Amino acid sequence: MTNIISINHTLFIQMANFLILLFILNIILYKPLLSKIKERIETVENMLKRADELKKEALKNQNEYTTKIKEAESQAKERYAKIIDETLKEKEERLAEQQKRAVEEIDRFEKDVKKQIEREIESSKDYSIEIANKIFRQIVE
């Protein structure tokens, strides 16, 4: 039987070659690869932090927007109610003024009619006296 593994100076040389290869690979391959992976991890973490900040800012802006919209709606409702109240008051004032004018006009009309009636009565009295005199003269004559 032959020994497949022989322990001699070549084993130590192979171990030394393997260690040199590990050292060279570490310098050429692993360190740059690890630094790139580290950079990417940091970049991703920074992006996640930025995304969280932007999300918080977006929520804050949305809350501000909602608050402003509610304020604007309440102000618009108040203005609308105020305009409606003012319009109703103006309408009532106009109606009251028109009613007052109508009453005054009716009073004036009634006075004019009464005056005309009185004039007609006065003129009819004179005319009736005149007719009565004519009738009396015709009867007497």
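Read the figures in this text as sums done on the coordinates, not as results from a lab. Predicted model only: the values in this text are computed from it and were never measured. Positions of Cβ are backbone-derived with ideal geometry, glycine not excepted, and every protein chain shown enters the neighbour counts.
Structure summary
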read-out: Complete set of residues in segment 82-141 that are of a type in the set (A, V, I, L, M, F, W, C) and under 58 Å from the mean Cα position of the chain (by Cα); value: Ile83, Ile84, Leu88, Leu95, Ala96, Ala102, Val103, Ile106, Phe109
read-out: Residue in segment 66-79 that is in a helix (DSSP H, G or I) and either over 15 Å from the mean Cα position of the chain (by Cα) or surrounded by fewer than 10 Cβ atoms within 10 Å (Cβ to Cβ) (or both) present; value: no
read-out: Yes/no for Asn61 being surrounded by 10 or more Cβ atoms within 10 Å (Cβ to Cβ), on the phi < 0 side of the Ramachandran plot and within 21 Å of the chain's Cα centre (by Cα); value: yes
